[in-house]
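The values are calculated or read from the model by the stated rules, or taken from the named source; none is laboratory data. Fair warning: this is a prediction, and the values are worked out from it, not measured in the lab. Every residue, glycine as well, gets a Cβ built from its backbone with ideal geometry; the counts of neighbours run over all protein chains shown.
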Amino acid sequence: METLRGDSGIPGTNGQVARAIDELGYVAKANTAADRRLIAERIRDLKERVAHFTTSCVDGRALIAASERFRDGLPDHARGWPISLVAVLALVTVLLEWIPASLFTQVFTSANDNVRFLLTVTFTIIGVVLAVVLGELLHRVRAPERPRLIDTVFLIVVATITLLFLIIGYEMRVAYTTASAGAVFGLAAWLEALALTAIAAIGIVLTLISTYYKEALEMFQVRWRLAKLNRDLRTNEAHLKTNKRDLERARASARGDIEEQREQQQEQQREQHDDEVSE
């Protein structure tokens, strides 16, 4: 018996040739169509993502350029040492004030440990506050403004108090060293007191100079904003690069699927032509 096109060619139990069912071919075609739809949807989604991140990058670069113009337009007295560095030097000053204070407060022999600790904290805070205030008053001199009498008065008063604080600290250190029947570091009483006072003075000078040269708040804010904008721009550029790569892959997959479909159609046409010729 002649096998018809589309039949399996394998005789059944009744001697008839069983006709093949093209279910498998139908499922494969359905799956291919579904894959093409998924690829098309992914391409549309990736195009939207690429457009979104492209816009974000353009906007980010514009904001960075505007912030840089604002930064460059700030006056010279607004520029200076970063506030973070000033804060670190202030912590160093706290340490340099704490060490001498913790020693000369031992002169209060009638006080207990808790009272001595509070006195140490008090003298440490006084030294740091005086350094910060004096530095802020000197920082106002950097601004090109008409000097005001009140600023000059405050500057003189705070400078005088700071000097008295160091002198009183020196006298108390001398008293502590004398009362302790010998210097702690094997030095003369006055020399040890002078050394400890110099340590406290160094801490004050550090904070005073750093506060004088510190940047203005506007400069700190624009630096912080630029750092954030640059981080966001790098993140958006990375996302844009990734989505562009995925879009190219999806397009290549779609082109390959179309070419495969075209080849299948051409193959089917050739088979149909061969069958017509054989008939």
(request) Would you tally the residues in region 83-107 being loosely packed, with under 14 Cβ neighbours inside 10 Å and either at pLDDT below 85 or not hydrophobic (A, V, I, L, M, F, W, C) (or both)? (result) 1
(request) Please give the number of the condition residue 20 fails out of (1) more than 30 Å from residue 202 (Cα to Cα); (2) at pLDDT 85 or above; (3) surrounded by 13 or more Cβ atoms within 10 Å (Cβ to Cβ). (result) (2)
(request) Please find, within region 170-188, the residue that is modelled with the highest pLDDT out of those that are surrounded by 14 or more Cβ atoms within 10 Å (Cβ to Cβ), out of contact with any Phe, Trp or Tyr (no Cβ under 9 Å at 6 or more places or on another chain) and aliphatic (A, V, I, L, M). (result) 187
(request) Return yes or no: is residue 234 under 30 Å from residue 41 (Cβ atoms), surrounded by fewer than 17 Cβ atoms within 10 Å (Cβ to Cβ) and either of a type in the set (S, T, N, Q) or more than 22 Å from the chain's Cα centre (by Cα) (or both)? (result) no
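To keep it simple, each residue is scored yes or no on (1) within 22 Å of residue 215 (Cβ to Cβ); (2) modelled with pLDDT under 90; (3) out of contact with any strand residue (DSSP E or B) (no Cβ under 8 Å at 6 or more places or on another chain).
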| residue | (1), (2), (3) |
| --- | --- |
| 54 | no, no, yes |
| 63 | yes, no, yes |
| 133 | yes, no, yes |
| 142 | yes, yes, yes |
| 146 | no, yes, yes |
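Test residue 74 against the stated conditions and say whether it is outside any helix (DSSP H, G or I) and hydrophobic (A, V, I, L, M, F, W, C). Explain how you work it out, then say what you get.
Details: outside any helix (DSSP H, G or I): yes; hydrophobic (A, V, I, L, M, F, W, C): yes.
Here the answer is yes, as residue 74 does meet what is asked.
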(request) Kindly establish whether residue 189 is farther than 16 Å from residue 84 by Cβ, in the same structural domain as residue 169 (by TED's automatic domain parsing) and without any contact (Cβ under 8 Å) to a residue 60 or more places away in the chain. (result) yes
